[in-house]
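**Q** Take this structure first; my questions come after.
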Amino acid sequence: MLQFTDTHCHLDYHKFNADREEVIQRANAAGLIRLLVPGLHHKSSQAAVELAEKYPSVYAAVGFHPTDLEEFNPKSFDEVKELAHHPKVVAIGEIGIDYYWVKEKEARAFQREALKQQLAFAKEMHKPVIIHMREENDAWFGEASADLLTILEEWQKSLSGSLAEKPGVLHSFNGTLETAQKALALNFYLGVTGPVTYKNADKKREIIAQLPLTRLLIETDSPFLSPVPVRDKRNEPSFVLHIADKIAEIHSKSPAEIAEITTANAARLFAWGD
Ligand code: NI
């Protein structure tokens, strides 16, 4: 049976309250051997760690999402730092920049400050980061990409050892080929989500066709971003197979090869063994 990994699913989200256990069982039955649940703030990070404790296939990341910074302060950050020592916490995230939901200048500056503090902590912990990035008006390139790349470049250049070689992933990558190449040059991985399956996503598929398979991760971002042909349903980790199928088509490989490559990529980046 093929082995898949979903490196980004928000299983702590309330939309899974009624059937979380079944969702995880369905994922395991579909061949998903590991599910990574990123935190959005201190409470969600705590919930992600609790899920990782309860389910063998679940791992956690901890951090503050750029649109969830209302309660980002020294005390809540300390709570996240404490959680990061848990053996099943494999990354710091999701952290980053979002200029789609946040327009105000001071609030954007605060996002960058929170990102820098969390990157510094990831370096201290020697853990990779899961990066969220969204442009104003969902453009492919703009201030968010420019600011993010500046910050990530400075940080990556300060790293050493294995973290410099695999510093993290740009989750649900939606940028230009140029941005992708800059991220690849900084040794980042790129996450591919459901929108790659959308009818109007030819430009995205053209970009993904030019990216090395050894640097791609498949992510559902459950419960959001449901792929075709289940776009009208709540997204869940077992649907990662539809994303793998589409990447197989784009790269002229078999789904089995995509499963093997992306699961190995995730194991390399998050160092959770085989
Ligand atoms: Ni997410």
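The values are calculated or read from the model by the stated rules, or taken from the named source; none is laboratory data. What you see is a predicted model; the values in this text were computed from it and never measured. Cβ atoms come from the backbone with ideal geometry, glycine included; neighbour counts cover every protein chain shown. The protein model used for the area step is the full one, side chains on, heavy atoms only, and it has no ligands, DNA or RNA in it. Shrake-Rupley method; radii C 1.70, N 1.55, O 1.52, S 1.80 Å.
**Q** Could you pull the Cα extents of the range 173-257 along its three principal axes, largest to smallest, in whole Å?
**A** Result for the range 173-257: principal-axis Cα extents of 36, 25, 22 Å.
**Q** Any chance you could look up the accessible area of residue 53 with a 1.4 Å probe, heavy atoms only, rounded to 10 Å²?
**A** Looks like 120 Å² after rounding.
**Q** Could you please state how large a percent of the accessible area of the chain is carbon and sulfur, counting protein chains only and using a 1.4 Å probe?
**A** So the carbon and sulfur contribution to the accessible surface is 51 percent.
**Q** Now for a different question. Tell me the label-point distance for the pair residue 136, residue 73, using the 7 Å Cα-to-Cβ offset, in nm and rounded to one decimal.
**A** For the pair residue 136/residue 73, the computed spacing is 3.0 nm.
**Q** What area, in nm² and to one decimal, does the C-alpha convex hull of the range 43-103 cast on average over all directions?
**A** 4.4 nm²
**Q** Give me, ordered by chain and number, the residues 5 or more places off residue 59 or on other chains with an amide H under 5 Å from its own placed amide H.
**A** Correct list: 35, 36, 37.
**Q** Looking at the calculated P(r) for the range 127-218, what percent of the C-alpha pair distances fall above 22 Å?
**A** Cα-Cα pairs in the range 127-218 separated by more than 22 Å: 23 percent.
**Q** Still on this structure: In nm², what is the average projected area of the convex hull enclosing the Cα atoms of the range 26-144?
**A** Values: hull surface 32.9 nm².
Quarter of the Cα hull surface area: 8.2 nm².
**Q** When ranked by the protection proxy of mean other Cβ atoms within 10 Å per residue, highest first, what sequence do the peptides 142-153, 236-247 form?
**A** In descending order of packing, they fall as 236-247, 142-153.
**Q** Just read off the accessible area of residue 126 with the full protein assembly in place, 1.4 Å probe, to the nearest 10 Å².
**A** The accessible area of residue 126 comes to roughly 90 Å².
**Q** If you don't mind, there's one more thing I want to ask. Taking only DSSP H segments of four or more residues, each worth -39500 (n - 2.57), what value at 222 nm results for the chain once the sum is divided by all its residues, to the nearest 500 deg cm²/dmol?
**A** The helix-only estimate for the chain comes to -13500 deg cm²/dmol at 222 nm.
**Q** Would you pull out the residues with amide H under 5 Å of residue 172's amide H, same chain only if 5 or more places away, H placed 1.01 Å from N?
**A** 191, 192
**Q** What number comes out for the charge environment of residue 249, summing +1 per Lys or Arg and -1 per Asp or Glu over other residues with Cβ under 15 Å away? Walk me through the numbers before you get to the answer.
**A** Numbers: positive: 199, 204, 205, 246, 253; negative: 202, 206, 245, 257.
Summing Lys/Arg as +1 and Asp/Glu as -1 gives +1.
**Q** Something else about it: In a shell of Cβ-Cβ distance under 15 Å around residue 20, excluding residue 20 itself, what net charge do Lys and Arg (+1) and Asp and Glu (-1) give?
**A** That works out to -4.
**Q** Rank-order 199-211, 77-89 by packing density, defined as the average count of other C-beta atoms within 10 Å over each peptide's residues, highest first.
**A** My ranking of the peptides, most packed first, is 77-89, 199-211.
**Q** Once phi is turned into ³J(HN,Hα) by the Karplus curve 6.51 cos²θ - 1.76 cosθ + 1.60 with θ = phi - 60°, what whole-Hz value does each residue of the range 260-267 show in order, with x for glycine and proline?
**A** Ordered by residue, 3J(HN,Hα) equals 5, 5, 6, 5, 5, 4, 5, 5 Hz.
**Q** In addition: Using the Karplus curve 6.51 cos²θ - 1.76 cosθ + 1.60 with θ = phi - 60°, work out ³J(HN,Hα) for each residue of the range 85-100 in order, rounded to whole Hz, and write x for Gly and Pro.
**A** With the stated coefficients, the range 85-100 comes to 7, 4, x, 9, 8, 9, 7, 9, x, 9, 10, x, 9, 9, 9, 7 Hz.
**Q** Take the chain, connect every pair of alpha-carbon atoms lying under 10 Å apart with a spring to form a Gaussian network, then pick out the residue of 228, 129, 37 with the largest mean-square fluctuation.
**A** Per the Cα network of the chain with a 10 Å cutoff, 228 tops the list.
**Q** Taking only protein heavy atoms and a 1.4 Å probe, what accessible area per residue, in Å², does the chain have with all protein chains in place?
**A** Here the residues of the chain average 43 Å² of exposed surface.
**Q** Determine, at each q value in 0.07 (inverse angstroms), the log₁₀ of I(q)/I(0) that the Debye formula gives when each Cα of the chain is one equal point scatterer.
**A** With one equal scatterer per Cα and no solvent, log10 I(q)/I(0) is -0.21.
**Q** Here's a follow-up. Amide H neighbours of residue 129 under 5 Å, counting only residues 5+ apart in sequence or on other chains, H built in-plane at 1.01 Å?
**A** Under 5 Å from the amide H of residue 129 lie the amide H atoms of 92, 168, 169, each far enough along the sequence or on another chain.
**Q** Sticking with this structure for a sec: Which distance in Å, rounded to a whole number, links the C-alpha centroids of the range 117-184 and the range 101-115?
**A** 16 Å
**Q** Something else now. Leaving ligands, DNA and RNA out of it, rank 272, 140 by accessible area with a 1.4 Å probe, largest first. Each step should come with its number before you reach the end.
**A** Numbers: 272 25, 140 65 Å².
Heavy-atom accessible area, descending, gives 140, 272.
**Q** Report, in whole Å, the centroid distance computed from the Cα atoms of the range 49-92 and the range 8-43.
**A** Computed from Cα coordinates, the inter-centre distance equals 15 Å.
**Q** Now a separate question. Longer than 32 Å from Cα to Cα, which of 81/103; 81/204; 54/182; 88/203 are they? Say none if no pair is.
**A** Where the Cα-Cα span goes over 32 Å, the pairs concerned are 81/204; 54/182; 88/203.
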